[in-house]
Amino acid sequence: MSETPVSNVRNFVILGHSGSGKTTLTDAVAFKLGLNDRMGLVANGTSISDTTEEEKNRKITLFANSFTAMNKIGEDEYKIVFTDSPGFMDFYGQILGAARASDFALITVDATAGVQIGTRRAWNACKEGGLASVAFVITGLDKDNADFNKTVTAIRDTFGMNCVPVTAPLGADAVANILDTSDLPAALQDVRNSLAESAAETDEALMEKYFEQGSLDPADIRKGLTTGIKSGNVHPIYSTCPLKGVGIKELLDSLCRLLPPPGARIYRDSKDNELAPDPAAPLVAQVWRTAVDPFLGQLSYVRVISGTLATGMSVQNTSTDTKESISAMLYVVGKKQTPVAKAGPGDIVAIPKFKNTKTGNTLAAVGSTVRMPDLDLPPPVMFMALEAKTQADEDKLSTAIHRLLDSDPTLHYEKQAETKQVLLKGLGDVHLDVAVALMKAQTNVSVTLSPPKVPYRESITAKGEGHYRHKKQSGGAGQFGEVYLRVFPRREDEEGEWFVDKTVGGSIPGNFIPAVLKGVEEGKLAGSVAGYPVQNVNVEVYDGSYHPVDSKEIAFKIAGMRAFRDAMSKAKPVLLEPIMRLKITIPEAFMGAISGDMPHKRGRVLGMEAAEGTQVIAAEAPLAELFKYAAELRSITGGQGAFTLDFDRYDIVPSNVAQKIIAEAAKNRKDEDED
């Protein structure tokens, strides 16, 4: 592929709600640009973007994929770099990465479904990713009940009156470029006038000309729109029927003429320095996605921001302070991989076999310290316990998990000391199911997922005193230690030591107090209610006795532990459970269903507020009731709901629930003892 000046590079990401025609649009664009010899279809598994078995089986896009092709308009040739991203919100990390790697965004809106919560989240991803230039593409205009005018109105009502159609349908099989069509139907003349108004508002000279003449010629409108789109003050709307290829040429030509090249979007490093899109400048690039190829191994997808990347050169990973060699660079289209010699600002290339580079890392010229801001990825909202199926799988599990996490930083992995389980955390049930399938495909490790155990705690609600006298005599040196102590509740925010020595007169010699503390700490690991760790307890040791010969540290450690457990049992012990804060974003139509569902989860709604056409519910509920909430929320809202989850506090488990937990814990202890 010939070298293209940066001014003729167009790099965009295609975003949208799942089912809005995003990947179908990608296939239509790829076919029009000659990347495919036929139009790919999601339905029959031939999409250029959905190439993995998981994507073909589920018929949804799971991974962001970038493509590069040339588009010729007259004598001018443009390099088109475009990325298809998932619409399913379990893969929001991929969406944010793709937005970071692009200069502008196309958001698809289905002509029958209209603006959905995924449309708004795509818009928010652009804002969070620093994308000011956003266009909308109306898809599915050939469907029954499709309504162009209604869809345009919905877009403008949601995102502002500065969203203006640039192309519009002419019947079922044609689209008009409103700027360049001289004999527009009367119904579209008003649309052209709104384009002229939007263009005039971007420049004082154009505004004066508009007021004087009452209109603007196409060249002036194009000039004004280009300025407005670059600044984010104008958002063009395009009309397409991707399955028929209608409107695709008009879309591509308009993107090349109106939407900005690299440089319009200002990239800044972590120190807020602006980076110029200059091929001759020092290299700065960022890894925005990591994939695992069955033949090449790890593939790092890199967006070049400044400078030039070339095969054979060495680069500095300023995120890890290591050096990497560029052995090869590729354009990847499904299973086809085309070598690339050079990549400049705006380019996205796949680089194999990096050793110490992960998603979000910055690549720069050797010796540079420039570093790009990290990707602001969402926290996990769904946790599952992960267990290897066989011993052979267990032996390879750690390697498999780390490879998985290297390719997807929105997945988290935790070994829980309390429950002795391995937890896999992600953004939803589909996210975790796909992760397990990838683990099997990449490393041949089979695992099972199950709801995790809840990390309960125990505490007390009253004062209690405990005593234990440890005496052991069986020939030779004996053991002796006696401890009296009291326990009482401790506030979360209380300052000062939780363990206090209040003995007097040397009833317990000072050198044995640390042993008592060790015993109490060991006693706190398993409380008297159900054997869970103890928290929020103050302990005072106030008396005891010793033997001048037989007293030893081990004796006072045992006495301290048993005295603590004795005191706990008398201090009205309770079981505690983790309470989580939820922020649930839904369309207003689901307010009643979500609010009514919360009490069934032993939760409560704390407040509600409107935010950009959606409703946000603040709530709290026990973690034990939320392990499957991602799937439940999707079911209730038809995929239009989203939520975040954060730990808030531990609170007392209701007695009826606690009884079941205590009985289960007793049964488990009995089973372990029998084993």
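The values are calculated or read from the model by the stated rules, or taken from the named source; none is laboratory data. Every value quoted in this text rests on a predicted model; they were computed, and no experiment measured them. Glycine also receives a Cβ, built like all others from the backbone with ideal geometry; neighbour counts cover every protein chain displayed.
Numbers below:
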item: Among (1) over 27 Å from residue 351 (Cα atoms); (2) under 32 Å from the mean Cα position of the chain (by Cα); (3) part of a loop (DSSP other than H, G, I, E, B), the one test that residue 265 misses; result: (1)
item: Pairs, first without any contact (Cβ under 8 Å) to a residue 60 or more places away in the chain in the range 441-462, second assigned to a loop (DSSP other than H, G, I, E, B), C-beta under 9 Å, six or more apart; result: 445/389; 446/389; 446/390
item: Total residues in the range 510-547, condition part of a loop (DSSP other than H, G, I, E, B) and farther than 28 Å from residue 572 by Cβ; result: 2
item: Answer from 595, 507 - the residue that is out of contact with any Gly (no Cβ under 9 Å at 6 or more places or on another chain), outside any strand (DSSP E or B) and not aromatic (Phe, Trp, Tyr); result: 595
item: Among (1) modelled with pLDDT under 90; (2) assigned to a strand (DSSP E or B); (3) buried (at least 16 other Cβ atoms within 10 Å of the Cβ) - the single one residue 610 does not satisfy; result: (3)
item: Failed item, numbered, when residue 634 is tested on (1) crowded, with 19+ Cβ neighbours inside 10 Å; (2) farther than 28 Å from residue 385 by Cβ; (3) not small (Gly, Ala, Ser); result: (2)
item: Candidates 167, 139, filtered to the one that is in contact with a strand residue (DSSP E or B) (Cβ under 7 Å, 6 or more places away or on another chain), at pLDDT 90 or above and within 24 Å of residue 430 (Cβ to Cβ); result: 139
item: Residue 194, sole failed condition from (1) in the same structural domain as residue 127 (by TED's automatic domain parsing); (2) surrounded by fewer than 19 Cβ atoms within 10 Å (Cβ to Cβ); result: (1)
item: Some residue of the range 227-239 being more than 19 Å from residue 107 (Cβ to Cβ) and of a type in the set (A, V, I, L, M, F, W, C); result: no
item: Subset of the range 236-259 (residues that are crowded, with 22+ Cβ neighbours inside 10 Å, on the phi > 0 side of the Ramachandran plot and touching a helix residue (DSSP H, G or I) at 6+ places or on another chain (Cβ under 8 Å)); result: none
item: Test: residue in the range 75-88 that is more than 24 Å from residue 346 (Cα to Cα), in contact (Cβ under 8 Å) with a residue 24 or more places away in the chain and not assigned by TED's automatic domain parsing to the domain that holds residue 350; result: yes
item: Scope the range 624-636; condition in contact (Cβ under 8 Å) with a residue 60 or more places away in the chain and within 20 Å of the chain's Cα centre (by Cα); matching residues; result: 627, 628, 629, 630, 631, 634
item: Test: residue in the range 41-51 that is outside any loop (DSSP other than H, G, I, E, B), within 19 Å of residue 137 (Cα to Cα) and among the hydrophobic types (A, V, I, L, M, F, W, C); result: no
item: Answer from 285, 364 - the residue that is of a type in the set (A, V, I, L, M, F, W, C), at pLDDT 95 or above and closer than 27 Å to residue 259 by Cα; result: 285
item: Scan of the range 193-219 for residues that are within 24 Å of residue 239 (Cα to Cα), out of contact with any Leu (no Cβ under 6 Å at 6 or more places or on another chain) and part of a helix (DSSP H, G or I), ordered by number; result: 193, 194, 195, 197, 198, 219
item: Candidate set: the range 371-396, residues that are more than 25 Å from the chain's Cα centre (by Cα) and either in a loop (DSSP other than H, G, I, E, B) or aliphatic (A, V, I, L, M) (or both); chosen: the one surrounded by the most Cβ atoms within 10 Å (Cβ to Cβ); result: 388
item: Top-ranked residue of the range 551-589 - restricted to ones that are buried (at least 16 other Cβ atoms within 10 Å of the Cβ) and assigned to a loop (DSSP other than H, G, I, E, B), ranked as modelled with the lowest pLDDT; result: 587
item: Only one of 149, 145 that is free of Cβ contacts under 8 Å to residues at least 24 places away in the same chain, surrounded by fewer than 24 Cβ atoms within 10 Å (Cβ to Cβ) and more than 24 Å from residue 360 (Cβ to Cβ); result: 149
item: Answer from 62, 41, 96, 35 - the residue that is in contact with a strand residue (DSSP E or B) (Cβ under 6 Å, 6 or more places away or on another chain) and either buried (at least 20 other Cβ atoms within 10 Å of the Cβ) or in contact (Cβ under 8 Å) with a residue 12 or more places away in the chain (or both); result: 35
item: Enumeration of residues in the range 272-304 that are over 26 Å from residue 411 (Cβ atoms) and touching a Pro at 6+ places or on another chain (Cβ under 8 Å); result: 277, 278, 279, 304
item: Condition met for residue 51 (closer than 29 Å to residue 263 by Cα, out of contact with any helix residue (DSSP H, G or I) (no Cβ under 6 Å at 6 or more places or on another chain) and among the β-branched types (Val, Ile, Thr)); result: no
item: Residue within the range 263-284 that is touching a residue at least 12 places away in the same chain (Cβ under 8 Å) and closer than 21 Å to residue 136 by Cα present; result: yes
item: Sole residue being among the basic types (Lys, Arg), touching a strand residue (DSSP E or B) at 6+ places or on another chain (Cβ under 7 Å) and within 21 Å of residue 427 (Cβ to Cβ), chosen from 601, 628; result: 601
item: Residue list for the range 260-310, restricted to those being among the polar types (S, T, N, Q), touching a Ser or Thr at 6+ places or on another chain (Cβ under 9 Å) and surrounded by 16 or more Cβ atoms within 10 Å (Cβ to Cβ); result: 286, 290, 298, 300
item: Meets criteria (more than 42 Å from the chain's Cα centre (by Cα) and among the basic types (Lys, Arg)) for residue 472; result: yes
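Every residue, every condition in (1) crowded, with 17+ Cβ neighbours inside 10 Å; (2) out of contact with any helix residue (DSSP H, G or I) (no Cβ under 9 Å at 6 or more places or on another chain), yes or no:
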position: 331; (1), (2): yes, yes
position: 338; (1), (2): no, yes
position: 341; (1), (2): no, yes
position: 347; (1), (2): yes, yes
position: 355; (1), (2): no, yes
position: 359; (1), (2): yes, no
position: 367; (1), (2): no, yes
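Each row is one residue, and each column tells you yes or no for (1) in contact with a Phe, Trp or Tyr (Cβ under 7 Å, 6 or more places away or on another chain); (2) surrounded by fewer than 11 Cβ atoms within 10 Å (Cβ to Cβ); (3) in a helix (DSSP H, G or I).
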| site | (1), (2), (3) |
| --- | --- |
| 600 | no, yes, yes |
| 624 | no, no, yes |
| 640 | no, no, no |
| 647 | no, yes, no |
| 669 | no, no, yes |
